[in-house]
Amino acid sequence: MAVSVSGTRVTFTPPDGATALLGDFTDWTKRAPLPVIGGQPLTLTLPRGAWVEYAWLGGDGQPFADPDNPQKSLNPWWTYPRAAEVGEYPRHRLWQGEAPAQRGEAHRLAWNGQVFPGKRRGYVYTPPNYDAARTYPVYYVQDGVAFYRTGRLGELLDRALAQHLIDPAVLVFVEPLDRNAEYYLNDRYFDFLLQEVLPQVEARFPVSREASERGLWGASLGGLISLFTAWQHPKVFGRVISHSGAFIASPQGRQGQQIDTTTAGEWLLAQLQAQPPTTLKISLDSGTLEWLLSPNRRMAAALQDLGTAHQYREYPSGHNWVTWQNALPEALLYMQGR
């Protein structure tokens, strides 16, 4: 048996060749993995209702999937994470049931980048019953393909609209070329949005040009750049949704192609405290099994102290797409709810 759960105690039985265990509970590569000693199982106490992702390390130091556990994660980048539930993970009601018959439409974007050279791509998702004669709030979503395919944010928009829970909006899914370079406190990302993305979207679709109805949306580094950019340019963007924002970051935390999301300090928090984002409406959330939990709590506390319109939520899972997919509904309801 690969994983057994008894109450809040989770026992992981190592397969042949496993030398250590890593996962949400070790922050993956942020803390030392748990060594396998004499082939004996490892038992951890984890939160009730948690969704826990993990992998084994082999003798070569590379992670590999548990061959005895078929429960995969939603990770679009890694193939090796497997998952265990401590009881039952609380999934949002908007994800329950069949998808509605009426669905929005995805329109492809493709162009040659100038600010960041290379072939750019994305999607513009228009809601069901789209009317070109009206003006829609718009959200520019970082890591667009992952949010569209893995997060299923377009489908979620359809579900919420079918239940008359929100007002319609347009979603623009923007895919990065080098997310570390583009998203780690990069001033030029605003230039990219302003000079390349917004003009072609606004030329083809009836989206709002008012800051109060223009939002930025992202997860991890995407959440970082979303809040950073909207804070710097409140006359352009008035809404921010950040899932597990990578708020351990500073301008000195980038060394060439390497970025620091563990020891760089919370530079953006200090900037917001010095120059409060009084016009922004912000949705933050975090998993409780990730190294970015405390920075997100501190950011939410600062927004509370500053009187900034915001919500903050936590989910019993880690830095992964199960957490973020489950967080999407409340973020959408907060921004677009009737």
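A few comments on the model shown:
- The ranking of Ile248, Ile225 by Cβ neighbour count inside 10 Å, starting from the fewest, reads Ile248, Ile225.
- Intensity falloff of segment 128-237 expressed as log10 I(q)/I(0), Debye formula with alpha-carbon point scatterers, at q = 0.12, 0.15, 0.19 Å⁻¹: -0.41, -0.64, -1.02
- Counting all C-alpha pairs of the chain, share separated by more than 27 Å (%): 47
- Cβ-derived FRET efficiency at R0 22 Å, Arg149 paired with Trp95, nearest 0.05: 0.90
- Listed residue (Pro14, Thr26, Pro63) projecting farthest to the positive dipole end of segment 3-85, Cβ model: Thr26
- For segment 88-150: rounded, prolate or oblate by the Cα gyration tensor [a/c cutoff 1.5]: oblate
- With a Förster radius of 41 Å applied to the beta-carbon distance between Arg134 and Arg188, the computed FRET efficiency rounds to 0.80.
- What separates the Cα centres of segment 200-218 and segment 229-261 is a distance of 20 Å.
- In the chain, the DSSP-assigned H stretches of four residues or longer account for a calculated mean residue ellipticity at 222 nm of -7000 deg cm²/dmol, using -39500 (n - 2.57) per stretch and the full residue count as denominator.
- Dipole of segment 93-336 computed with +1 at Lys/Arg Cβ and -1 at Asp/Glu Cβ about the Cα centre; of His310, Phe147, Gly265, farthest Cα towards the positive end is Phe147.
- Modelled label positions at Asp260 and Glu314, each set 7 Å beyond Cα in the direction of Cβ, lie 2.7 nm from each other.
- Each principal axis of the Cα cloud of segment 216-338 was taken in turn, and the coordinate range along them, longest first, works out to 45, 33, 24 Å.
- Neighbour-count ranking [beta-carbon atoms within 10 angstrom, fewest first] of Trp217, Trp77, Trp95, Trp51: Trp77, Trp95, Trp51, Trp217
- Tail weight of P(r) past 23 Å, computed on alpha-carbon pairs of segment 175-287, percent: 26
- Dipole magnitude of segment 111-246 about its Cα centre (Cβ charges: Lys, Arg +1; Asp, Glu -1), debye to nearest 20: 120
- A simple spin-label model places the labels of Arg31 and Arg121 3.8 nm from each other, with each point 7 Å out along Cα-to-Cβ.
- Inter-centroid distance (Cα atoms) of segment 318-336 relative to segment 98-154, Å: 17
- Base-10 log of normalised Debye intensity for segment 70-174 (one unit scatterer per alpha-carbon) at q = 0.14, 0.15, 0.23 Å⁻¹: -0.70, -0.78, -1.26
- More than 16 Å apart - percent of Cα-Cα pairs taken over segment 3-85: 48
- As a proxy for reagent exposure, Ile282, Ile166 were ordered by neighbouring Cβ count within 10 angstrom, fewest first; the result is Ile166, Ile282.
- Within segment 1-148, all pairs of alpha-carbon atoms sorted by distance into 5 Å bins from zero give the percentages 2, 8, 13, 15, 13, 10, 10, 10, 9, 6, 3, 1, 0, 0.
- Listed residue (Val86, His107, Ala246) projecting farthest to the positive dipole end of the chain, Cβ model: His107
- For the chain, the dipole from Cβ point charges (+1 on Lys and Arg, -1 on Asp and Glu) about the Cα centre works out to 520 debye, to the nearest 20.
- On the basis of the beta-carbon distance and an R0 of 25 Å, Ala110 and Arg209 show a calculated FRET efficiency of 0.60.
- Neighbourhood charge, 15 Å Cβ-Cβ cut-off, centred on Gln257 and excluding it, Lys, Arg +1 and Asp, Glu -1: -1
Each reported figure results from applying straightforward, stated rules to the coordinates on display, with no laboratory input. Computed from a predicted model, the values in this text were never measured in an experiment. When we count neighbours, we look across all protein chains shown, and the Cβ atoms used for this are built from the backbone with ideal geometry, even at glycine.
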